[in-house]
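Engineer: Can you keep this structure in mind? I'll have questions shortly.
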Amino acid sequence: MPLSMTDNLSLTNHFLMAMPNLVDPNFAHSVTYICQHDQQGAMGIVLTQPLDLTIATILAQMDIELKDSNIGKQPVYLGGPVQNDRGFILHQPTGNWDSKLDVTSEVGLTTSRDILEAIALGAGPQRMLFALGYAGWGPGQLEAELTANVWLSGPASTEIMFSVPSHERWAAAAALVGVDLTQLSDQAGHA
């Protein structure tokens, strides 16, 4: 029986780990943090696709002077294929920013300039991940993909989001639910 939002299944504040047979380059071996999931669909930030860009580069393009060079060295991630010309800052704590979605009481997603200015001064959130773009699903689309075993879902961990190196996040997120994705076949089964 297909999953639906009428079953009150919300994956907000969960990880989606791509199953080994998912070959879409936007999502292969990825972990996506779901920031919002309701009857209108879902949106999340891919945590495993660092780009050849740093926060310093983005701030320079926006004419924001960088005062903290350590922050400037942090990578920028491809957050997903939707609006990948727009910046999204996933952060902890949530803080008080102009355009922020509180994912939980501790994790926020912000798109406004004020957070970038604070980050440049070294006064931004304690932990953050800067992404260009997001992953999005229409009504019922994510539920259908879960039913088709495209994704493994499980609870999110801020340690994995912000502290684990990006190339280790896929395995670490799956380990939270007791799965070793490297032991699963990348071939789909057919009866």
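The values are calculated or read from the model by the stated rules, or taken from the named source; none is laboratory data. In this text the structure is predicted, and so the values were computed from the model without any measurement. In this analysis, Cβ positions are derived from the backbone assuming ideal geometry, glycine residues included, and neighbour counts consider all displayed protein chains.
Engineer: For segment 147-165, which positions are closer than 22 Å to T94 by Cα, part of a helix (DSSP H, G or I) and of a type in the set (S, T, N, Q)?
Structural biologist: Within segment 147-165, just T158 meets the criteria.
Engineer: Shifting gears a bit: What number of residues within segment 34-69 satisfy the criterion of being over 12 Å from A120 (Cβ atoms) and either in contact with a Phe, Trp or Tyr (Cβ under 6 Å, 6 or more places away or on another chain) or not in a strand (DSSP E or B) (or both)?
Structural biologist: So the answer is 13.
Engineer: I would also like to ask the following. When the residues of segment 58-77 are filtered to those that are surrounded by 13 or more Cβ atoms within 10 Å (Cβ to Cβ) and either on the phi > 0 side of the Ramachandran plot or of a type in the set (V, I, T) (or both), which remaining residue is modelled with the lowest pLDDT?
Structural biologist: I71
Engineer: Only one of these is within 23 Å of I160 (Cα to Cα) and surrounded by 16 or more Cβ atoms within 10 Å (Cβ to Cβ): G80, G41. Name it.
Structural biologist: G80
Engineer: I'd like to know if segment 7-22 contains one or more residues that are exposed (fewer than 13 other Cβ atoms within 10 Å of the Cβ) and either out of contact with any Gly (no Cβ under 8 Å at 6 or more places or on another chain) or aliphatic (A, V, I, L, M) (or both).
Structural biologist: yes
Engineer: With at pLDDT 95 or above, under 30 Å from M19 (Cβ atoms) and either among the basic types (K, R) or exposed (fewer than 15 other Cβ atoms within 10 Å of the Cβ) (or both) as the only criterion, which of G138, G133 stands out?
Structural biologist: Only one candidate qualifies: G138.
Engineer: Here is a further query. Suppose we filter I115, I45 for residues that are among the hydrophobic types (A, V, I, L, M, F, W, C), over 20 Å from P155 (Cα atoms) and modelled with pLDDT of 95 or more; which single one remains?
Structural biologist: Within the list I115, I45, the selection yields I115.
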